[in-house]
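The values are calculated or read from the model by the stated rules, or taken from the named source; none is laboratory data. None of these values were measured; they are calculated from a predicted model. For neighbour counting, all protein chains shown are included, and Cβ atoms are generated from backbone atoms with ideal geometry for every residue, glycine included.
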């Protein structure tokens, strides 16, 4: 599993432009990891739970009746398999905190994929 995390500043808004921080995460899975993901049907496994990104928070606040019924876009394995994941935050400090959480989640994902490579062995023992 090869991971690349990039940070960019983006401009958001039509009239009142606001600079936001975007975190772009690209993951290249090995052939073995892809076979585990596809074989065990793990594309819907949630890697990182997260709320609405900074571009959607305003819309969600203005229309809570609509956005409260929709599940925020958690990061799933299937999203990482498709290509780079983009997540927008308010400040560079928020982006750094998100990167730390993302890095830990990807480390956990690596262990999860390794644990799913083969089934557990049967054991007998006496207590």
Item to check | Index of the failed condition, residue 91 passing every other in (1) farther than 23 Å from residue 11 by Cα; (2) touching a residue at least 60 places away in the same chain (Cβ under 8 Å); (3) loosely packed, with under 13 Cβ neighbours inside 10 Å | outcome: (1)
Checklist entry - Is it the case that some residue within the range 111-122 is part of a helix (DSSP H, G or I), modelled with pLDDT of 85 or more, in contact with a helix residue (DSSP H, G or I) (Cβ under 8 Å, 6 or more places away or on another chain) and more than 29 Å from residue 9 (Cβ to Cβ)? => result yes
Checklist outcome for this item: The condition from (1) at pLDDT 95 or above; (2) within 25 Å of residue 11 (Cα to Cα); (3) surrounded by fewer than 17 Cβ atoms within 10 Å (Cβ to Cβ) that residue 85 misses is numbered (3)
Next on the checklist: Suppose the filter is modelled with pLDDT of 85 or more, out of contact with any helix residue (DSSP H, G or I) (no Cβ under 8 Å at 6 or more places or on another chain) and surrounded by 10 or more Cβ atoms within 10 Å (Cβ to Cβ); does residue 105 pass it?
Outcome noted: yes
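Conditions (1) modelled with pLDDT under 95; (2) over 20 Å from residue 4 (Cβ atoms); (3) assigned to a helix (DSSP H, G or I), marked per residue:
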site: 24; (1), (2), (3): no, no, no
site: 35; (1), (2), (3): no, yes, yes
site: 38; (1), (2), (3): no, yes, yes
site: 42; (1), (2), (3): no, yes, no
site: 51; (1), (2), (3): yes, yes, no
site: 56; (1), (2), (3): yes, yes, yes
site: 61; (1), (2), (3): yes, yes, yes
